[in-house]
1. Mind listing whichever residues of the range 97-128 are under 22 Å from residue 87 (Cβ atoms) and outside any loop (DSSP other than H, G, I, E, B)?
2. Residues of the range 24-64 being out of contact with any helix residue (DSSP H, G or I) (no Cβ under 9 Å at 6 or more places or on another chain) and assigned to a loop (DSSP other than H, G, I, E, B), which ones?
3. Counting only residues that are part of a loop (DSSP other than H, G, I, E, B), in contact with a helix residue (DSSP H, G or I) (Cβ under 7 Å, 6 or more places away or on another chain) and surrounded by fewer than 19 Cβ atoms within 10 Å (Cβ to Cβ), how many does the range 65-82 have?
4. On the basis of being assigned by TED's automatic domain parsing to the domain that holds residue 346, of a type in the set (Val, Ile, Thr) and modelled with pLDDT of 95 or more, does residue 169 make the cut?
5. Kindly indicate the residue of the range 84-137 that is within 26 Å of residue 45 (Cβ to Cβ) and of a type in the set (Asp, Glu) and also surrounded by the most Cβ atoms within 10 Å (Cβ to Cβ) among those meeting that condition.
6. Looking at the range 139-166, which of its residues are of a type in the set (D, E, K, R) and modelled with pLDDT of 95 or more?
7. Which one of 353, 411, 386 is in a strand (DSSP E or B), in contact with an Asp or Glu (Cβ under 8 Å, 6 or more places away or on another chain) and of a type in the set (S, T, N, Q)?
8. Residues that are of a type in the set (A, V, I, L, M, F, W, C): which strands (runs of 3 or more DSSP E) entirely in the range 234-339 hold 3 or more of them?
Amino acid sequence: MKKLGINGFGRIGKLTLWHHAGRKYFEELVVNVGRNVGQSLEDIAHYAERDSTYGLLRGYLHGHNSESVVRDLDEAKGTMTINGIKVTFLRASRNPGRIGWKDHGVKLVADTTGKFLDPTLPADAPGGSVLGHIESGADKVITSAPFKIKDKSRDLRGRDPHDDWVTTVMGINDNNYDPRRHKIISNASCTTTCLAHMMKPLLNVFGPKKILSASMATVHASTGSQQVLDRLPKTGAADLRKNRSVMNNIILTTTGAAKALRLVIPEMEQIGFIAESVRVPTSTGSLIILVLNLQEELSGESVRREMINDIYRQAAEIDPKKYLHYTEKQNVSCDIIGLPRAAAVIEGHETHTRTAEVTIDLMNVPGIEQDVISSLKNHIIRVPVTQAVIYGWYDNEMGSYVNIMGDRTVTVADNM
């Protein structure tokens, strides 16, 4: 019997259950909540079948005329059926090493807590470790967030032959996963997934040398880590904005998308890249604003808006998994919510390019010998550079991230 363990039952955990309840690849799901919830199993069922963003589970699966798909609750066993799939809820421990996956026949776990992200920590580390899932009986673990390794001497890429972890984005570098070697797979993040699918078609056409620099800002929906109302920061907290009301503010924050992008697209190491994030008061539906500086060639077609759009249009057409979408419609964030497996929806209507000459004084460029500069008629050169601005939508919860993580989970299961 194919079973999937889900650790954590927050936003990503619940929607992961929704995905697999509808997909029915796994015959049984085991969800570790890690604590008692409400007054009974009924309260877990109540939470599982309702969502303020995506509506009722039955409507999501079968349309508005359908009946409840949550049935056969057994409080003593902690079980119920959801869309005909048996689901067992565990409520004993949050520590991965104490969950007891072996007792439930679970070999593959999706950890959606966002807490256990250091694959170098031992299984018995204080507070728990992702390796605890392996100690608890699982063979493979997929995390729903990028790795965070405390030991800075360790390589996030897992290039040491003894490292048994890897970061992948479906449709970009999913083949980097080696089922014989890797036990822990990071599914990166929603932002990295979108950004990777925005950058890859451009790199395929221009290559990293023509892209002089790049930057992105994600206008990101709120997440469960933010506060509904203002609250005092925790001891030692350095970022005071995280404790301000998500309902009333646009909040500047950080993103690890640039670092994670280099893990899945190594060519990005050759490009100066900056990534920033702004949180806004919406429940889901986010946007990446990508800015590139491209060096123009003396011969050949100039980089213009239509060229950029053609790159994405053609890439979307030949994408075998249809993760990349291209549209010339005028969208708003709600239009993207729930759109299946749309890693990035390129808003072609808003693509912009501008070309200008950048003046460079060779006297100020390090590494050029003085006699070389003296031999030139003019030490001032002008280089044509085109700046391109590209917009990419993504549903940071269900439509993009969870559905694509579901694909990752199934591909791992297929090779177990």
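1. If the condition is that a residue be under 22 Å from residue 87 (Cβ atoms) and outside any loop (DSSP other than H, G, I, E, B), then 98, 101, 102, 103, 104, 108, 109, 110, 111 are the ones that fit.
2. 24, 27, 34, 35, 36, 39, 40, 52, 63
3. So the answer is 5.
4. Spelling it out, it is not the case that residue 169 is assigned by TED's automatic domain parsing to the domain that holds residue 346, of a type in the set (Val, Ile, Thr) and modelled with pLDDT of 95 or more.
5. 111
6. Of all residues in the range 139-166, those of a type in the set (D, E, K, R) come to 139-140, 148, 150-152, 154-155, 157, 159-160, 163-164.
Of everything in the range 139-166, those that are of a type in the set (D, E, K, R) and modelled with pLDDT of 95 or more turn out to be 139, 140.
7. 386
8. The strands (runs of 3 or more DSSP E) meeting that bar are 272-280, 286-295.
The values are calculated or read from the model by the stated rules, or taken from the named source; none is laboratory data. The shown structure was predicted, so the numbers you read here are calculated from the model rather than taken from an experiment. Cβ: placed from backbone, ideal geometry, glycine included. Neighbour counts: every protein chain shown.
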